[in-house]
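Worksheet: the structure to be examined is printed underneath.
The values are calculated or read from the model by the stated rules, or taken from the named source; none is laboratory data. Quick caveat: nothing in here was measured; it's all calculated off a predicted structure. Every residue, glycine among them, receives a Cβ derived from its backbone with ideal geometry; neighbour counts consider all protein chains shown.
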Amino acid sequence: MFATATGGPLDPANVHRQHETICYLAEVRYIRFHDLRHTCATLLLEQGVELVTIKELLGHARLHVTADIYAHVRPRLHRNAIEAMNRALQPDDTDPDDDTPPADD
């Protein structure tokens, strides 16, 4: 994904040092570079991106690998889906398609 100015592969030790320096200068807690990949995938899942798309972005050969790694996100997604269904089934007083005239107060 990243390359040197000449198109060659980056030295992992240099990437690590630069990442460490960036975290220090930004005054943020250091996390492993690989954790950024994990965070990206988790955020994509939480935004509703399909698991197969995330699998392809991460370069996993099999969908079950991605599903197993990010299984911890599923309960949150399930809760969000249930809450969305609850909102859809609750009557909404501001429904623009409702032909019922408002009650006189």
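Go through the stretch 22-34 and give me each residue that's surrounded by fewer than 11 Cβ atoms within 10 Å (Cβ to Cβ) and assigned to a helix (DSSP H, G or I).
Scanning the stretch 22-34 gives TYR24, LEU25, ALA26, HIS34.
For the stretch 44-72, how many residues meet the condition of being out of contact with any His (no Cβ under 7 Å at 6 or more places or on another chain) and assigned to a helix (DSSP H, G or I)? Working first, answer last.
Start the filter on the stretch 44-72 by keeping residues that are out of contact with any His (no Cβ under 7 Å at 6 or more places or on another chain), which leaves 44-65, 67-72.
The next check asks that each one be assigned to a helix (DSSP H, G or I); those that pass are 44-46, 51-58, 63-65, 67-69, 71-72.
Number of matching residues: 19.
I'd like the residue in the stretch 1-21 that is among the aliphatic types (A, V, I, L, M) and closer than 28 Å to LYS55 by Cβ and, out of all such residues, is surrounded by the fewest Cβ atoms within 10 Å (Cβ to Cβ). Break it down into steps so the answer makes sense when it comes.
Quick first cut of the stretch 1-21, residues among the aliphatic types (A, V, I, L, M) only: 1, 3, 5, 10, 13, 15.
Filter again for closer than 28 Å to LYS55 by Cβ, leaving 1, 3, 10, 15.
Working: MET1: 5, ALA3: 9, LEU10: 12, VAL15: 13.
Checked the stretch 1-21; the qualifying residue surrounded by the fewest Cβ atoms within 10 Å (Cβ to Cβ) is MET1.
Confirm whether ALA41 is at pLDDT 90 or above, part of a helix (DSSP H, G or I) and under 19 Å from the mean Cα position of the chain (by Cα).
Numbers: at pLDDT 90 or above: yes; part of a helix (DSSP H, G or I): yes; under 19 Å from the mean Cα position of the chain (by Cα): yes.
In short, yes.
Give me the pairs: first residue in the stretch 47-72 and loosely packed, with under 12 Cβ neighbours inside 10 Å, second residue part of a loop (DSSP other than H, G, I, E, B) and at pLDDT 90 or above, beta-carbon distance under 8 Å, and six or more apart or on different chains, which are they?
So the pair list comes out empty.
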